[in-house]
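Okay, structure first, notes after.
The values are calculated or read from the model by the stated rules, or taken from the named source; none is laboratory data. From a predicted model like this one, the values you see are computed outputs, not experimental measurements. Because the Cβ atoms are built from the backbone with ideal geometry, glycine has one as well, and the counts that use them run over all protein chains shown. Heads up: the accessible areas ignore ligands, DNA and RNA and are worked out on the full protein's heavy atoms, side chains in. Shrake-Rupley method; radii C 1.70, N 1.55, O 1.52, S 1.80 Å.
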Amino acid sequence: MTTRTLASLSTGVLLALATSAGAQTDVGDAEVTFTRDVAPIFQRSCQSCHRVGSIAPMSLLTYEKSRPWARSIRQKVAQRDMPPWYIERNIGIQKFLDDPSLSEQEIATIVAWVDGGTRRGNPADMPPPREFAEFDDWQMGEPDLVVALPEPIVVPAEAPDWWLNIETEPLALTEDRYIKAVESRPSLPGADKVVHHAVTYMVSPDDERGFLNEYAVGKNADVFPEGTGRLIKAGSRVRYNRHMHAIGEETPADVLVGPKFYPKGYTPEHVVFAAHAGDSYDTIDIPAGEDNARVDGYYFLREPAQVVSFQPHLHNRGKRQCVEAIYPSGMVETLSCAQHNFAWMLNYTYEEDVQPLLPAGTNLHLISWYDNSEANRYNPDPNNWIGFGNRSNDEMSHTWMNIFYISEEEFDRRLEERRAKHGTNQ
Ligand code: HEC
């Protein structure tokens with residue numbers, strides 16, 4: 001069984017790699033212009049954030065607005081700082097939902113545009129403007145319900161980091177409903193600066209607890225594969241566990257949680273749970289000034305499982321995280337590695353046909369790296385030893401993984417389906 005898993009999974013990985021390796025980087029001698037070549041890239045990968053009223057500092061909707069930022073744009077895209085998406089491209093699974101990252105070809109186009117003197121080009125080449133719904137908007141589209149506290153919480157101008165647990169009123173939900181996607185986002189201007197994270201749980205009328213979602217700076221939506229979901233019971237309340245952080249001015253802040261439901265009465269075949277996986281506590285031991293400290297953690301799968309998504313969680317000194325599967329046979333395969341950027345806690349959702357299918361007895365091995373040197377721009381103090389702690393200035397090492405368990409029979413069936421789809425790599 002194990003060998004077949006490997007075969008099936010590697011085939012997916014190989015296919016994905018082959019596609020990206022095949023990208024051309026040669027943009028030729030033709031004049032690269034904004035209207036014809038650059039604007040379509042900005043529309044797809046930048047404008048969701050770079051427009052008035054959205055979260056980024058400047059608009060990239062037009063030539064006039066973009067032109068003054070050309071140098072900075074060149075640098076940010078060439079270094080893959082922008083768009084925010086930090087999956088390493090030379091290792092692990094490469095197919096993700098809603099991946100805004102640029103191909104080598106697109107980066108080369110932007111670089112050539114800047115180096116060639118930022119030509120405007122023919123206005124007739126400009127693609128029609130991309131349509132956006134109002135800001136305030138949910139990246140996944142409108143939710144079916146919006147959860148909020150009755151009043152925002154006011155973070156004082158000066159205060160130590162602050163953790164609190166707080167509950168909403170019972171939700172206006174009269175029936176049990178399954179969620180197919182859920183997103184959390186800060187509600188008011190400045191809220192994204194004072195809320196470091198907000199983990200939400202559902203508390204049912206009979207006091208049963210279930211994980212709902214996690215918001216952290218810069219995070220996107222959790223989307224579950226068709227036929228899988230998470231249950232909210234009628235009359236549940238939502239409990240927030242929040243980490244707030246003062247920023248020198250009094251800031252009212254709330255975090256909205258928006259679920260999208262399956263139709264009434266629909267029960268998905270599998271329930272997705274969010275594993276808080278591979279935690280390390282006492283073993284986080286980062287010397288002052290060290291630029292490559294490493295921590296290892298594990299998460300054991302007792303049943304066959306399918307992994308939906310991967311969301312590294314590290315703090316200021318975090319540099320990189322990898323997750324690998326140690327199969328019961330002892331063979332090891334890297335699933336994903338991501339660079340860490342403290343400003344962006346991204347949830348990477350695998351495309352369904354490459355979501356890792358792992359046999360019972362697989363051990364997920366999480367490896368985190370930290371940069372405690374002064375080269376790390378998020379490092380508040382390279383002179384300190386760092387261990388585990390809740391404050392952003394302490395460290396953590398875990399990953400959130402959306403996972404659902406399946407039976408042995410279903411595992412075999414899913415494997416067969418994948419093999420039929422990808423072919424075998426014999
Ligand atoms: C998910 C939202 C998002 C997307 C998508 C995005 N950006 Fe950004 N961008 C930001 C935010 C927020 C900042 C400011 C904070 C930071 O630098 O992380 C920023 C900063 C920048 C800066 C630095 C501005 C400065 O102060 O010098 C540049 C340049 C930039 N983005 C270009 C791009 C380009 C080009 C794309 C598309 C290829 C893009 N961004 C996609 C959100 C985004």
Discussion item. Normalised radius of gyration for segment 241-323, please: alpha carbon Rg relative to 2.2 N^0.38 Å, two decimal places.
Written reply: 1.59
Worksheet entry | Extent along principal axes [Cα atoms of segment 110-165; Å; largest to smallest] | 55, 34, 15
Practice prompt. Starting from the eigenvalues of the Cα gyration tensor, five times each then square-rooted, give me the equivalent ellipsoid semi-axes of the chain, largest first, whole Å.
Written response: 33, 29, 25
Item to complete: Return P(r) of segment 153-269 (all Cα-Cα pairs; 5 Å bins starting at 0; whole %; ordered from short to long distances).
Response: 2, 12, 20, 21, 17, 12, 8, 5, 2, 1
Discussion item. For segment 153-269, what is the number of Lys pairs with C-alpha distance below 14 angstrom, counting only pairs 8 or more positions apart or on separate chains?
Written reply: 4
Discussion item. Check which residues have an amide H placed less than 5 Å from residue 308's amide H, if you skip close sequence neighbours.
Written reply: 402, 403, 404
Discussion item. Given a 1.4 angstrom probe, what's the average accessible area per residue across the chain, in square angstrom?
Written reply: 46 Å²
Worksheet entry | Mean projection area, nm², convex hull over Cα of segment 201-258 | 5.4 nm²
Fill in: Within the accessible area of segment 119-239 (1.4 Å probe), percent carbon and sulfur
51 percent
Worksheet item: Share of segment 263-357's accessible area from carbon and sulfur, percent, 1.4 Å?
Response: 48 percent
Worksheet item: So, how do all the Cα-to-Cα distances of segment 22-125 break down into 10 Å bins, in percent, from 0 on up?
Response: 14, 49, 30, 7, 0
Worksheet item: Which of the lysines could a cross-linker span from residue 95 if the Cα-Cα distance has to be under 17 Å and same-chain partners fewer than 8 positions apart are dropped?
Response: 421
Worksheet item: Peptides 363-372, 199-208: what's the order by average Cβ count within 10 Å, highest mean first?
Response: 363-372, 199-208
Worksheet entry | Residues with amide H under 5 Å from that of residue 231, placed H, sequence gap 5 or more | 179
Practice prompt. Work out the charge dipole of segment 230-296 with +1 on the Cβ of Lys and Arg and -1 on the Cβ of Asp and Glu about the Cα centre, then indicate which of 272, 251, 283 is farthest towards its positive end.
Written response: 272
Practice prompt. Would you mind checking which residues have amide H under 5 Å from residue 211's amide H? H placed 1.01 Å from N; only 5 or more apart, or other chain.
Written response: 202
Worksheet item: For the charge dipole of segment 298-351, defined by +1 on Lys and Arg C-beta atoms and -1 on Asp and Glu C-beta atoms about the Cα centroid, which residue among 345, 330, 308 has the Cα displaced farthest towards the positive pole?
Response: 345
Worksheet entry | Free-standing Cys, the chain [no other Cys Cβ under 4.7 Å] | 46, 49
Worksheet entry | Globularity ratio of segment 273-422, using Cα Rg and 2.2 N^0.38 Å | 1.14
Item to complete: For a quick protection proxy, order the peptides 344-353, 177-186 by their average other-Cβ count within 10 Å, most packed first.
Response: 177-186, 344-353
Worksheet entry | Karplus-derived HN-Hα couplings along segment 254-260 (A = 6.51, B = -1.76, C = 1.60, θ = phi - 60°), whole Hz, x at Gly and Pro | 9, 10, 8, 10, x, x, 10
Worksheet, complete the sentence: Whole-Hz Karplus couplings 3J(HN,Hα) for segment 59-75, θ = phi - 60° and coefficients 6.51, -1.76, 1.60, Gly and Pro as x, run 8, 10, 7, 10, 4, 4, 6, 7, 3, x, 9, 3, 4, 5, 4, 4, 5
Item to complete: Order the peptides 310-322, 380-392 from the highest to the lowest mean number of other Cβ atoms within 10 Å of their residues.
Response: 310-322, 380-392
